[in-house]
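Step one of this worksheet: look at the structure below.
Read-outs: derived from the displayed coordinates by stated rules, not from any lab. A quick note: this is a predicted structure, and the numbers were derived from the prediction, not measured. So basically every Cβ, Gly included, is an ideal-geometry build from the backbone, and we count neighbours across all protein chains shown.
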Amino acid sequence: MFNPSDQQAQELLLQTMVQDLAARLLMEFEKWALSAESSGTILKTPLDSQSRLSSEEVIKAKKRRLARAQKTIGDYCLLAGSPVDANAHFATAIELARLTGDLFWHAGALEGSVCALMVDRMDEKDSLVEEEVKFRYYSVIQLYRRSQLQDNAQRQGIVKEAVDLLMHASDGANSLIDVSDHLVLYVEIARLFGTIGYEHKAAFFSRQVAQLYMQQDNVQSAISAMQVLTLTAKAYHYPKSGQKPGA
């Protein structure tokens, strides 16, 4: 027992109780995270595919699961005020993420280790610690840049696949007999090309739409054709030599 009037003893007791509670919560969370079924613990970020994963992506996600779980546990250790435990989990996450090539989570775990180091040494002024922090953050920045390049490369591959599919769909237009079906197909192809940033292809198929409208002998179709051509005019505009675009 302790003297109720002893404020220092009360603070020590409360601190011990909170730390004990945090430790128990972390232990339970760690057991759940590491023993849960892999299908339920595929941790994703906005950089990961948000659609249904392919079989190859599922295999990759399972390999990366443990590193991401360790990084997440490290985050909770930091929130619970235990930088030593956090650093241990971050160190494990860093090694596992390096082995699986999970650049974004590798960078996050390394950044977490910097935070754990700073919290653990917050009362110290050590030039060696400062240099270590600078070195780690330089590595963090490089990893984030590499993860962005990796993501851009993946996106480019997806866009190329989309372009191939759209061009294949346009080839199938020859088998359509009804002009209305042609219109619907070309409108959708033009819209999708515009969505992925292929303005010239979008303009080309929009002109195809306009030509189909012109084949219909009525005023409304002619007006629609002119509207479509007006929308595509900008994409077909090329500046003269020495002239800035839009001038």
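Summarising the amide proton neighbourhood of Arg121: residues at separation of 5 or more, or on other chains, whose placed amide H is nearer than 5 Å comprise an empty set.
Ordering Thr72, Thr92 by the number of other Cβ atoms within 10 Å of each residue's own Cβ, fewest first, gives Thr92, Thr72.
What order, most packed first, do the peptides 100-109, 13-22, 196-205, 136-145 have when packing is the mean number of other Cβ atoms within 10 Å of each residue?
Numbers: 100-109: 22.5, 13-22: 11.6, 196-205: 17.4, 136-145: 14.9.
By packing density, highest mean first, the sequence is 100-109, 196-205, 136-145, 13-22.
Subtracting the Cα-Cα distance of Gln8 and Arg146 from 0.36 nm times their residue separation leaves 44.7 nm of extension gain.
Averaging sequence separations of C-alpha pairs under 8 Å and six or more residues apart, then dividing by the length of the range 61-209, give the relative contact order as a whole percent. Walk me through the numbers before you get to the answer.
Values: 129 pairs, mean separation 23.3, N = 149.
Computed over the range 61-209, the figure is 16 percent.
Each of Met167, Met214 was scored by other Cβ atoms within 10 Å of its Cβ. Arranged with the fewest first, they read Met167, Met214. Sorting Lys71, Lys62, Lys160 from the fewest to the most surrounding beta carbons within 10 angstrom yields Lys160, Lys62, Lys71. Local charge for Leu78 was computed over the other residues whose Cβ lies under 12 Å away, with Lys and Arg +1 and Asp and Glu -1, and equals -3.
What net charge is computed for the residues neighbouring Ala173, neighbours being all others with C-beta under 12 Å from the C-beta of Ala173, Lys and Arg scored +1, Asp and Glu -1?
Details: positive: none; negative: Asp171, Asp178, Asp181, Glu188.
Around Ala173, the surrounding residues sum to -4.
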